[in-house]
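Single-structure report; data block below.
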Amino acid sequence: GSVSEWSITVTYDDSTPIDPPVDISTKYSGSSFTIDAQAVSTSDLTITDQGTIADLNITISASHNDYMGIVDFKLISPYGTIVNLVTSGTSGPIYSKTTFDDEASAAIASGTDPYYGSFQPEGSLSDFDKEELSGTWTLWAYTSDFRTGSVSEWSITVTYDDSTPTDPPVDIGTK
């Protein structure tokens, strides 16, 4: 079918319009890396901006010669907080600009290859909320498979403010 005619009716007044929403988040990009066979592989991202995290999402593009369901991903904060992004349950060989976001409507396990879009991680990214943004962030990957994979790009997108962050743990990795 086709549309031969359409219209829109707008009601307006003389008041001052509100400003459009502003994206107050900042994107920080990590480096590509190889996911070594039967080993842990990592990539570090050092952020020098300071602020208290209010929300954090991570986007990954990755591939594996077999399928992504045998690759585990975790994100580790400068405080040593570890969040499981995905540890099993996915299919297909590709993550294409896959965004892990606590506010996504679907869990990563319910997605399909190439997992383009936003998905809830297995862990909770809100575990990073109230932490200091600055420091070294680590994307951690592991496969028990004898074949390698790769992360072609990854980034974290952070909304932060100037409130006082929580104190880091006394022993790294204890939170």
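Scanning segment 97-106 for residues that are open to solvent by less than 40 Å² (accessible area, probe 1.4 Å) and assigned to a strand (DSSP E or B), which turns out farthest from V158 (Cα to Cα)? So the residue we want is T98. What do you reckon, is I82 open to solvent by 20 Å² or more (accessible area, probe 1.4 Å), closer than 12 Å to W137 by Cα and not hydroxyl-bearing (S, T, Y)? Yes. Would a scan of segment 23-44 turn up a residue that is acidic (D, E), under 17 Å from I94 (Cα atoms) and in a strand (DSSP E or B)? No. Note on segment 117-175: residues that are under 18 Å from L45 (Cβ atoms), part of a loop (DSSP other than H, G, I, E, B) and of a type in the set (D, E, K, R) amount to 1. Residues in segment 118-143 that are in contact with a Leu (Cβ under 8 Å, 6 or more places away or on another chain) and either open to solvent by less than 30 Å² (accessible area, probe 1.4 Å) or charged (D, E, K, R) (or both): P121, E122, G123, L125, F128, D129, W137, T138, L139.
Going by the conditions given, is S61 closer than 20 Å to Y116 by Cβ and crowded, with 17+ Cβ neighbours inside 10 Å? Yes: the conditions hold for S61.
Annotation: T34 fulfils all but one of (1) in contact (Cβ under 8 Å) with a residue 40 or more places away in the chain; (2) open to solvent by less than 30 Å² (accessible area, probe 1.4 Å); (3) farther than 29 Å from P165 by Cα; the unmet one is (2). None of L56, L75, L85 is part of a strand (DSSP E or B), at pLDDT 95 or above and in contact with a Pro (Cβ under 6 Å, 6 or more places away or on another chain) except L85. Is it true that some residue in segment 52-70 is in contact with a Gly (Cβ under 7 Å, 6 or more places away or on another chain), in contact (Cβ under 8 Å) with a residue 40 or more places away in the chain, among the aliphatic types (A, V, I, L, M) and over 23 Å from Y28 (Cα atoms)? Yes, the conditions are met somewhere in segment 52-70. Exactly one residue among T90, T26, T42 is at pLDDT 95 or above, open to solvent by less than 100 Å² (accessible area, probe 1.4 Å), under 19 Å from the mean Cα position of the chain (by Cα) and among the polar types (S, T, N, Q), and that residue is T42.
The values are calculated or read from the model by the stated rules, or taken from the named source; none is laboratory data. Owing to the predicted nature of the structure, the values given are computational and were not obtained by experimental measurement. Positions of Cβ are generated from backbone atoms using ideal geometry, with glycine treated the same way; all protein chains shown enter the neighbour counts. Accessible surface areas use protein heavy atoms only, side chains included; no ligands, DNA or RNA. Shrake-Rupley method; radii C 1.70, N 1.55, O 1.52, S 1.80 Å.
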